[in-house]
Amino acid sequence: MRIRIDYTNMLESAVGAKGIPESELALYPERGRAALEGLRAKRDVIRWRDLPYNQKEIVAKIKAVAEKVRESAEYFVVLGIGGSALGPIAVQQALNHPRYNELPREKRNGPKLYVEDNVDPERMAALMDVIEPEKTVFNVITKSGSTSETMAQLLTVMRLLIDLYGEDALKERLIATTDREKGNLIGIAKKYGLTTFCVPEGVGGRFSEMCPVGLLPAAVCGIDIEAMLDGAAYMDKLCDSDNVFENPALMYALLETSAMKLGANIGVLMPYADSLKYFSDWYAQLWAESLGKKRGEARFGQTPVKALGVTDQHSQVQLYTDGPFDKTVTFLGVENYRTVFTIPHAVDENPNVAFLSGHTFNELISAERRATEHAVTVSGHMNKTILLPEVNANTIGQLMMLFELATAYAGEILGINAYDQPGVEEGKNMTYALLGKKGYEAKLGEMKENSARRTV
Ligand code: PA5
């Protein structure tokens with residue numbers, strides 16, 4: 001069940017002048033060794049690598065809490081944003097029924113799941129229209145314990161629950177996932193006796209799917225979290241190999257950073273599976289927020305673009321073939337879809353349509369992926385394919401660890417800090433200032449100075 005990367009079409013030998021030359025590949029062993037050593041020396045910020053190995057007790061607690069929720073709740077609502085939301089969304093879409101929330105309870109693996117990762121007032125109001133508070137358990141997730149979006153949602157939910165059922169009910173209906181010590185949520189959780197899970201030290205938001213941030217919502221929805229962790233462990237070991245040509249994450253990082261030097265400042269991820277649609281959102285945050293950095297005057301990063309096969313063949317692929325050489329395309333292919341769906345016979349008298357009959361949708365989507373890969377390759381654009389034998393808990397664990405490690409290795413190769421997000425913090429701080437948080441008055445001044453707008 002190992003996932004593999006086919007990188008043939010990243011190379012000059014396949015795509016021509018705009019590909020990576022053999023002379024660059026020859027540098028990979030040395031460059032790779034430096035990245036491996038650099039990452040090995042950074043244990044304190046890559047504790048997420050330990051998660052597949054060190055959570056036996058936590059997994060037991062998660063499963064116990066999840067079982068209780070599954071028995072009592074019809075709705076499980078995650079309040080969180082960024083790294084506290086994108087993993088749970090991606091995993092749910094990958095591993096549960098594509099129309100999970102629409103299924104009747106007996107066909108669902110758990111309560112309906114809503115992950116509220118925005119503060120659009122219309123969305124907040126809409127949530128209130130669809131849930132029944134007496135059958136709902138909320139999970140507020142914030143590593144920092146201070147993000148305005150999540151705190152605003154928390155206030156809304158606490159008010160609702162206190163008004164309806166009193167303060168004592170909070171511990172039955174609200175679960176907190178946050179830092180052990182830092183931030184505001186831990187204090188609130190202690191005060192109201194909430195069931196609490198911790199985001200471990202050295203596990204940044206966008207690297208936190210394999211800790212309670214992602215594991216609790218997954219377990220509540222019946223996903224085999226141990227299989228996810230097994231997959232992550234398996235990939236972690238592969239990606240520790242000193243041989244770059246046997247180390248998928250290191251190879252991915254070396255290829256993409258070479259491509260960046262060749263001007264490919266855009267990294268398209270194009271899964272050929274609806275189940276992996278939101279994996280692209282998770283990837284986009286990981287890749288953008290980790291690698292979009294400056295070092296002195298030098299600027300780094302590769303803009304992630306999300307595309308879905310085959311849907312976006314009919315919207316974006318024209319650009320990927322005839323457009324500028326400013327991107328790489330990574331296809332995510334699936335060997336065995338979990339369903340086989342045959343295209344029936346209906347108009348056998350018309351051979352221009354009837355040729356499809358008797359084939360399966362499985363054959364069609366795979367043929368379209370291979371055909372698009374061909375079109376992108378012959379147009380001279382670098383691309384690669386990550387092939388999953390099947391989408392299941394183990395391969396999703398593998399895929400997530402692969403991308404986390406590729407991001408970390410790319411950070412080493414680029415010589416930047418992949419684990420901070422100063423640009424995001426700047427926006428968070430200005431939000432505090434605009435909404436009158438104490439201590440941020442000076443920050444507000446900064447914005448006023450810049451407030452001369454030109455509009456048309
Ligand atoms: O990767 C990150 O650290 C960020 O994207 C965070 O996940 C995001 O800003 C939300 O932060 P928090 O979990 O602290 O509320």
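Values quoted throughout were computed directly from the atomic coordinates according to the rules given, and no laboratory measurement underlies them. Just so it is clear, the structure is predicted and the values come from calculations on it, not from any experiment. Don't worry about glycine lacking a Cβ; one is built from the backbone with ideal geometry, like all the others, and counts go over all protein chains shown.
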Q: Taking the convex hull of the Cα atoms, report for the chain its projected area averaged over all directions, in nm².
A: 26.1
Q: Mind scanning K294/K438; K56/K237; K237/K293 and naming the pairs with a C-alpha gap bigger than 26 Å?
A: K294/K438; K237/K293
(Q) Could you tell me the extents of segment 1-128's C-alpha atoms along the three principal axes, largest first, rounded to whole Å? (A) 60, 37, 35
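Please compute the net charge surrounding L291, taking Lys and Arg as +1 and Asp and Glu as -1 over other residues with Cβ under 13 Å from its Cβ.
Values: positive: R206, K293, K294, R295, R299; negative: E256, E289, E404, E412, D420.
Combined, the nearby Lys, Arg, Asp and Glu give 0.
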Q: Give the long-range amide H neighbours of I175: residues separated by 5 or more places, or on another chain, with amide H under 5 Å away, using H modelled in the peptide plane at 1.01 Å from N.
A: F138, N139, V140
(Q) Run through segment 50-154 and list the trypsin sites (Lys or Arg not before Pro) located in a DSSP loop whose Cβ has at most 10 other Cβ atoms within 10 Å. (A) R99
Q | Pairwise Cα inverse-distance average, inverted: Kirkwood Rh of segment 48-223 (Å) | A | 16.1
